[in-house]
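Contents: one structure, followed by commentary.
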Amino acid sequence: MNFADLTSPAIAALGSDGRVPVLLLPLGAVEPHGPHAPVGTDPLISAGMCARAAERLRDDPAVRVLILPALPYGVTHYAAAFPGGISVGEETLHALVVDVCASLIEQGLSRIVLVNNHFEPEHVATLRRAVATVRSRHEVAIGHLELTRRRAAARLTEEFRSGSCHAGRYETSLVLADEPDLVDVETMRGLAAVPVDMPSSMAAGRRDFLAMGMTGAYCGSPAEATAAEGEAVFTTLTDMLVEAIREAAR
């Protein structure tokens, strides 16, 4: 299922069995996620979605899903007051995504879906711009699963829709489902709920977690997180990703 595990001849033969190859590019950012969750939460969720979608479609007669090596670094400034963030510039991220896609397209592998779980506005805008650049230069319709779009968000949890979900119940549940040992559960259970409407706060000009009242680098209700909820959310996320894969394979 992993593109990087294949040999060069095996990559050259993709599509020869009649299945359309669709490549998934997991994206995220390394940044603080409260005192309880790993700084790699966002790329971990993207990787979990990709692995589940590839497994679900493993024996599909129409598509061959392969997961590209992840791009774990993103544009992240809002958590700058806390240790652990690794940010890259917007132009750096744009160039990297465009170049990776171009390299694959030039080999005839043009069906690519970006899978992102870091929602800082500048990061999201950069990915949208990168997708537009690739489409204009190569005239291919690469996919971009955008979970913040209203139609996608409506299928996710109440906390996600509230915008109060950075390292809260939503994200922490997903990490518990995939990598439970990476969550400090004792600390998590003692965290008070911090309701913050992040989109509204950003629209009001607040540009960091402290200004939003997120003094612990989290919002929402991480103490309520469970692995069972994480698995249920992963099922929904995988449904959406499979739909995006089917669309890309047309």
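The values are calculated or read from the model by the stated rules, or taken from the named source; none is laboratory data. These numbers were taken from a predicted model, which means no experiment stands behind them. Note: ideal-geometry Cβ built from the backbone for every residue, glycine included; neighbour counts use all protein chains shown. When the accessible area is computed, the model is the full protein with side chains, heavy atoms only, and any ligands, DNA or RNA have been set aside. Shrake-Rupley method; radii C 1.70, N 1.55, O 1.52, S 1.80 Å.
Within the accessible surface of the chain, defined with a 1.4 Å probe on protein heavy atoms only, the carbon and sulfur portion equals 52 percent. Membrane-span-like helices of the chain, defined as complete DSSP H segments with a Cα extent of 15 Å or more along the helix axis and a mean Kyte hydropathy of at least 0.5, are identified as 90-105. Taking a sphere under 15 Å around the Cβ of residue 141 and counting the other residues whose Cβ falls inside, with K and R at +1 and D and E at -1, yields a net charge of +2.
Ranked by the mean number of other Cβ atoms within 10 Å of their residues, highest first, the peptides 61-68, 192-199 fall in the order 61-68, 192-199. In the context of the full protein assembly, residue 73 retains an accessible surface of approximately 110 Å², using a probe radius of 1.4 Å and ignoring ligands and nucleic acids.
With the charge dipole of the chain set up from +1 on Lys and Arg Cβ and -1 on Asp and Glu Cβ about the Cα centre, the Cα lying farthest toward the positive end among the listed residues 121, 73, 166 is that of 121.
Taking Lys and Arg as +1 and Asp and Glu as -1, the other residues whose beta-carbon sits under 13 Å from that of residue 202 total -2. For region 76-185, the per residue solvent-accessible surface stands at 47 Å², with DNA, RNA and ligands left out and a 1.4 Å probe.
Spatially, region 12-49 and region 115-134 are offset by 14 Å when compared through their Cα centroids.
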